[in-house]
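The values are calculated or read from the model by the stated rules, or taken from the named source; none is laboratory data. It should be emphasised that the depicted structure is a prediction, and the values quoted were computed from it without experimental measurement. In this analysis, Cβ positions are derived from the backbone assuming ideal geometry, glycine residues included, and neighbour counts consider all displayed protein chains. Heads up: the accessible areas ignore ligands, DNA and RNA and are worked out on the full protein's heavy atoms, side chains in. Shrake-Rupley method; radii C 1.70, N 1.55, O 1.52, S 1.80 Å.
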Amino acid sequence: MLSPNEVIMFEHPKYIARNKLLNGYQLSKLYTFEVAARHESFALAAEELSISPSAVSHRINQLEEELGFKLFQRFHRRIALTPEGERVFWALKSSLSYLNQEILEIKSQELSGTLTVYSRPSIAQCWLVPKLADFAKQYPAISLNILTGNEMVNFNGAGIDLAIYFDDKPPETLSCQHLMNESMIPVCSPEYAKQHDLVGKPFNLRQSTLLHDRQAWSYDSNESEWHSWARNFNVDIAEDQRSMGFDRSDLAVIAAMNHVGIAMGRKNLVNKRLESKELIAPFPEFEMQCEQRYYISTLSERQWPKINVFIQWLKTMAGNTEG
């Protein structure tokens, strides 16, 4: 049970002020304080706020009483912030700056801000990244953040705006759009093809080292991409065929460029290497359509302009004329 003196103490305005947090009621007074602190003058603050200097002084007095400490030192013809007032003014400026930045980003969300894109490493290195100069030129206010990995990511937890997957079935939990089809074809360096007499002679694969992407398996039979391709074209490769596996298709391609063996190349990812003659396709007629497709995935509720323009740009780069 509190004594009468303790009750009086707890009801005293100064006690309440020291133990009460800011609320919406003080916001207008804080704005008056910000203007007065910025001008270091009640008179100039009154001009900006279109009220009288006495009204400014009254609001500041009320705010000081509610906060429980002085914000200004009053002199004969000027005012100055107290140390406590300096701290409040700094915090208020920082908060307003942050709030203004958020508002600007929301307003300018049309075609600016950061866009975080997640992609399989091979797609990013061999197809996406070489094309990004074009996007940067068209949309200079959008800052791209490219992340790579072989996992299905949590968009919310990882801060991902958009992902590019290579799969036979798009993720059911996301909004997905078809980007492009893919086909696979054996590729190797010209030197390796000559050394193993591969041009036009797929039966000589038995003498070669098969480079393969361990991530790319046929979903219906759990067989490697090489065995799936060989079965499709009735090409004989040995069960104990010499091989080397990688967890990324681009690494298998790099190994092929360096004469390690012959890789099963994804056509969209090796086209530039074929055009530059760094790689050749020794059996050009043996190109097989992949079951997997490239998909663009986003959260269905994020229909943001910057996401939409990036999706349309991706489709343009892929020669996709859909939607």
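Numbers at a glance
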item	result
Heavy-atom surface of the chain, accessible at 1.4 Å and reported per residue (Å²)	57
Signed unit charges on C-beta, dipole axis of segment 224-323, positive-most listed residue 233, 270, 288	270
Point-to-point label distance, residue 286-residue 143, nm (Cα→Cβ direction, 7 Å offset)	4.9
Top positive-direction residue, dipole computed over segment 124-178 with Cβ charges, set 149, 163, 138	138
Rule-of-thumb Rg ratio for segment 25-97 [Cα; 2.2 N^0.38 Å; N residues]	0.99
Cut-off 19 Å (backbone N to label point 7 Å along Cα→Cβ of residue 156), residues of segment 166-187	171-176
FRET efficiency for residue 206 and residue 111, using Cβ-Cβ distance with R0 set to 51 Å, rounded to 0.05	0.40
Estimated inter-spin distance, residue 96 and residue 38, nm [label 7 Å along Cα→Cβ]	0.4
Carbon plus sulfur fraction of accessible area for segment 192-323, probe 1.4 Å, in percent	47
Helix-derived mean residue ellipticity, 222 nm - over the chain, DSSP H n ≥ 4, -39500 (n - 2.57), to 500	-12500 deg cm²/dmol
Inter-probe distance in nm under a simple model that places probes 7 Å from Cα toward Cβ, at residue 301 and residue 74	5.1
Cβ-Cβ FRET estimate between residue 199 and residue 239, R0 fixed at 35 Å, reported to 0.05	0.90
Options (1) 23.5, 77; (2) 31.7, 107; (3) 33.3, 105 - which one matches Rg and Dmax of the Cα atoms in Å as calculated here	(3)
Greater than 18 Å apart at Cα, pairs in 169/267; 201/267; 131/277; 131/169; 137/306; 131/267	169/267; 201/267; 131/277; 131/169
About the Cα centre, charge dipole magnitude for segment 31-78 (Lys/Arg +1, Asp/Glu -1 at Cβ), debye	220
Kirkwood Rh, angstrom, segment 72-216 [1 / mean 1/r, Cα pairs]	21.2
Amide H contacts under 5 Å for residue 243, placed H, 5+ residues apart	210
Magnitude of the charge dipole, the chain, Cβ model with Lys/Arg +1 and Asp/Glu -1, debye to 20	1120
Rounded, prolate or oblate (a/c below 1.5 giving rounded, otherwise prolate when a/b exceeds b/c) for segment 122-187 by Cα gyration tensor	oblate
